[in-house]
Amino acid sequence: MRQLFSPSRLGAAVLLIVLAGCGNSKNEVYIEKPVDDLYNKAMDAVVDERYSEAAKTFEQVESQHPYSVWATKSQLMSVYSQYEAGNYDQAVIAADRFIQLHPGHRDVAYAYYLKAICYYMQIVDVGRDQRTTELALRSLDDVVRRFPDSKYARDAKLKLDFTRDHLAGKEMEIGRYYLNRQEYLAAMNRFKRVIDNYQTTTHVPEALERLVECDLATWQRYGFAGKTVEESQAICEQVFAATLDGHALVSNKSVWRNFPWIWNERWSFRNMVLIGDALHSAHFSIGSGTRLAIEDAIALTKALEAETEIAAGLARYQSERKPIVKKLVTAARTSADWYEHFSEHMKLDVMDFAYSYITRSGRIDDARLRAMSPQFMARHEAAKNSGSRS
Ligand SMILES: Cc1cc2nc3c(=O)[nH]c(=O)nc-3n(C[C@H](O)[C@H](O)[C@H](O)COP(=O)(O)OP(=O)(O)OC[C@H]3O[C@@H](n4cnc5c(N)ncnc54)[C@H](O)[C@@H]3O)c2cc1C
């Protein structure tokens, strides 16, 4: 921690003539001493790493010579000495006082930094209360925001990363605890908090993974597998009561179902041929299953009509139709993938979310969307340019 001490401050101090020794008695009586005498005594104590004594002597400089230039320097040196002595609470109080009295001082960044470091040094393991870690986060952030170009900001940024990681670790620990107790909603909230508030930390992959576990666990816990559509509907109405605001959930054959992915490279065998869902499936989210099945039937009829031999007709059907279907099925998979990561999209603001939803299958690019819905694109682009949240 020696690097925290500014040599320039020491340099200024040693210019003063060292006049006094270092007496320290329990029955100390108040004796007024010259300012340079006191200041040099305090600096000697700093050099000798007698920090508590140094802090006390710096305080004397201020109390005995409040209007001297050394009083202000002593206030800051007192913060530093208290910090080095491990008296973090006193150091923070002294730092706050310096900041309050000298908000425009050229060394005020140092006071902010020392205060942040005092909290940072008190970070305890994730099993214990993290109040000091929160304070460290806030005060380190203060240094970075207020003095972005200072040397303190560089170090504060590094420490901020560690502090965030630590807080995310605490959230993960609580999340895992709830998960073990099968309190899934509480666990989910903790994992979501890690993903939302500590996006750059090392805990995000595990939080995401556990969120997925949690979703499945919630599904299982509610016993949705054995519930009728009406029963599931009633549960969901309860869970989303606040959002529904008194309205009923509308159901349309809303069964729980794992989507069956079907794809065949070979479309016919002898006199047998595949069409529709038996040949390929396209995820519900692009809603094209029926259309594809009917278009397959039309394409098959046309191909058979175009050829005299059945085998040639079936070959034509596959070669002409396959690239078209493949394109749609790929879009369906991309769209399904969007749904698989729904919680991540929920972090977007409303215009970005809408844009992400509309373009989820990759079939609609900006030019097409602009042509289809110029007003939407204008709003989306305006929101993007202003960086505003709609
Ligand atoms: C819940 C759900 C929602 C959907 N929503 C949409 C949507 O909004 N829009 C959309 O376009 N698509 C949607 N689809 C997809 C769409 O229903 C299918 O893609 C489409 O019905 C496929 O048509 P198909 O003729 O290939 O198969 P199917 O419609 O399944 O027809 C196959 C038929 O063959 C019968 N059959 C099976 N085996 C035999 C056998 N051995 N002998 C005799 N008959 C047999 C079956 O009983 C069935 O009647 C949805 C699908 C589901 C499950």
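Coordinate-derived values only; no laboratory data. This structure is a prediction, so every number in the text was calculated from the model and none was measured. Please note: Cβ atoms are built from the backbone with ideal geometry, for glycine as well, and neighbour counts cover all protein chains shown.
General observations
- Each Lys and Arg Cβ is given +1 and each Asp and Glu Cβ -1; about its Cα centre, region 117-226 then shows a dipole of about 240 debye.
- For region 268-340: rounded, prolate or oblate by the Cα gyration tensor [a/c cutoff 1.5]: prolate
- Shape call, region 249-390: gyration tensor on alpha carbons, a/c limit 1.5: prolate
- Shape category assigned to the chain from the gyration tensor of Cα positions, a/c cut at 1.5: prolate
- Were the residues from residue 227 through residue 126 laid out at 0.36 nm apart, the gain over their Cα-Cα distance would be 32.3 nm.
- Across the chain, C-alpha contacts under 8 Å between residues 6 or more apart give a mean separation that, scaled by the residue count, equals a relative contact order of 6 percent.
- Selected from 243, 76, 350, residue furthest toward positive end of dipole (the chain; charges at beta carbon): 350
- Between residue 376 and residue 220, the FRET efficiency from the beta-carbon distance, with R0 = 35 Å, is close to 0.35.
- For the pair residue 239 and residue 161, label points projected 7 Å from Cα toward Cβ lie 3.8 nm apart.
- Charge dipole magnitude, Cβ of K and R +1, D and E -1 - the chain, Cα centre, debye nearest 20: 840
- Amide hydrogen proximity for residue 273: with H placed 1.01 Å from N in the peptide plane, no residue at 5 or more positions away or on another chain lies under 5 Å.
- 3J(HN,Hα) couplings calculated from phi for region 187-194 with the Karplus curve 6.51 cos²θ - 1.76 cosθ + 1.60 (θ = phi - 60°) are, in sequence order, 5, 4, 4, 5, 5, 5, 4, 4 Hz; Gly and Pro show x.
- Computed from phi, the 3J(HN,Hα) profile of region 357-366 under the Karplus parametrisation 6.51, -1.76, 1.60 (θ = phi - 60°) reads 5, 5, 9, 4, 8, x, 8, 10, 9, 4 Hz, with x in place of Gly and Pro.
- Sorted peptide list for 294-300, 309-315, criterion being average Cβ within 10 angstrom, highest first: 294-300, 309-315
- Each label point was placed 7 Å from the Cα along the Cα-to-Cβ direction; for residue 320 and residue 101 their separation is 9.1 nm.
- Where only DSSP H runs of four or more residues are counted, the chain gives -21000 deg cm²/dmol as its mean residue ellipticity at 222 nm, each run worth -39500 (n - 2.57).
- Among 270, 210, 291, the largest mean-square fluctuation in a Gaussian network model of the chain, built with springs joining Cα atoms closer than 10 Å, belongs to 270.
- Hz values of 3J(HN,Hα) by residue in region 37-45 - Karplus curve (6.51, -1.76, 1.60), Gly and Pro given as x: 4, 5, 4, 5, 5, 5, 5, 4, 5
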